[in-house]
Structures are given as C-alpha cells and as structure tokens.
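The values are calculated or read from the model by the stated rules, or taken from the named source; none is laboratory data. All values derive from a computational prediction rather than experimental measurement. Heads up, the Cβs are rebuilt from the backbone with ideal geometry, glycines too, and the neighbour counts pull from every protein chain shown. Areas reflect the complete protein model, heavy atoms only, side chains present, ligands, DNA and RNA absent. Shrake-Rupley method; radii C 1.70, N 1.55, O 1.52, S 1.80 Å.
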Amino acid sequence: QVQLVESGGGTVQAGGSLRLSCVASGGTSNYAMGWFRQAAGKEREFVAAISWSGGTTYYVDSVKGRFTISRDNAKNTVYLQMNSLKPEDTAVYYCAADIGTMTHDPKGYDYWGQGTQVTVSS
C-alpha cells in the first residue's frame, strides 16, 4: 500500500516562492507522479506530472515557466518548486501516484496524499 504525505505549503505574497514535497512510503519509484490543486468551490485541477524516471514532465499552461516538478527516487520524494506565485495559485495541493502511464487525468491516479494548503496574498 502506497502512502503519500505532502508538506511545504503555507502563505506567501504574490511573486514569492514555495517548494512542496511529497514523500512516498511503499515504493513509488516505478510510478508516474502528479501534482493537482483544488481551489475553494472549484474542481480538482491538474498542475504537473513526471514520469517514473524523471525524464518526462508535463505542465498545465497556467504554470509553465513558473513551476518545476522533479523527483528523487532514492528519497521516494517528489517536489514542486513554485516561483512567481499568483493569488490564483491559491489552493490545496495534492500529490498523486499513477502506476500506469503519466496523465493529466485525476482518474488515472491510484494513490493520493491528504493535501497541503498554499495561499498567495496580493
């Protein structure tokens, strides 16, 4: 059974940076990993994904050039570096593990963390 625990959320001013971490237990080195977010009153939205090797990444257009997803399989950890944050980035951020092919579809993910709140003030 895979368990995912996110950390690194918080409150930051617009233009600031945060780095989210997602530590996996149960072994996810062969899993694609993704980050999603859900703002209050909105549906869960894909943010970024990374292949099991780290060689392929995929971003939603609204974060391209600002966010970077990476992973360290030796540490069973996936990161989301978020720069130039905007108030519209405010949401609960979730990491997820996908035993299949990397995808932007949340239905394709098998395991989810509990989420970490990111708040960007203007």
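Before moving on, here are some points about what is shown:
- In the range 1-18, the residues that are within 27 Å of residue 100 (Cβ to Cβ) and either touching a Gly at 6+ places or on another chain (Cβ under 7 Å) or part of a strand (DSSP E or B) (or both): 1, 2, 3, 4, 5, 6, 7
- Unmet criterion (only one of (1) over 14 Å from the mean Cα position of the chain (by Cα); (2) exposed (fewer than 15 other Cβ atoms within 10 Å of the Cβ)) for residue 28: (2)
- Condition met for residue 118 (closer than 15 Å to residue 7 by Cα and open to solvent by less than 40 Å² (accessible area, probe 1.4 Å)): yes
- Once the range 41-56 is narrowed to residues that are open to solvent by less than 40 Å² (accessible area, probe 1.4 Å) and out of contact with any His (no Cβ under 6 Å at 6 or more places or on another chain), the residue that is modelled with the lowest pLDDT is 54.
- The range 76-108 - residue that is among the small types (Gly, Ala, Ser) and either at pLDDT 95 or above or part of a strand (DSSP E or B) (or both) and, of those, farthest from residue 12 (Cα to Cα): 97
- A Cβ distance below 7 Å, combined with a sequence gap of six or more or placement on separate chains, defines the contacts here; from the range 101-119, residues that are among the charged types (D, E, K, R) reach residues that are outside any loop (DSSP other than H, G, I, E, B) in the pairs 110/97; 110/98.
- Filtered by the rule that a residue be part of a strand (DSSP E or B) and β-branched (Val, Ile, Thr), the range 48-75 gives 50, 57, 68, 69.
- Some residue of the range 71-89 being farther than 20 Å from residue 118 by Cα, of a type in the set (Asp, Glu) and touching a residue at least 24 places away in the same chain (Cβ under 8 Å): no
- Pick from the range 57-75, criterion open to solvent by 70 Å² or more (accessible area, probe 1.4 Å) and modelled with pLDDT under 95, ranking: nearest to residue 90 (Cα to Cα): 75
- Per-region count, the range 90-99, residues within 15 Å of residue 48 (Cβ to Cβ), touching a residue at least 60 places away in the same chain (Cβ under 8 Å) and not acidic (Asp, Glu): 5
- Residue list for the range 76-101, filter: open to solvent by 50 Å² or more (accessible area, probe 1.4 Å) and over 13 Å from the mean Cα position of the chain (by Cα): 76, 83, 84, 86, 87, 88, 99, 101
- Conditions (1) open to solvent by less than 60 Å² (accessible area, probe 1.4 Å); (2) in contact (Cβ under 8 Å) with a residue 60 or more places away in the chain; (3) closer than 14 Å to residue 82 by Cα; number of the one not met by residue 13: (1)
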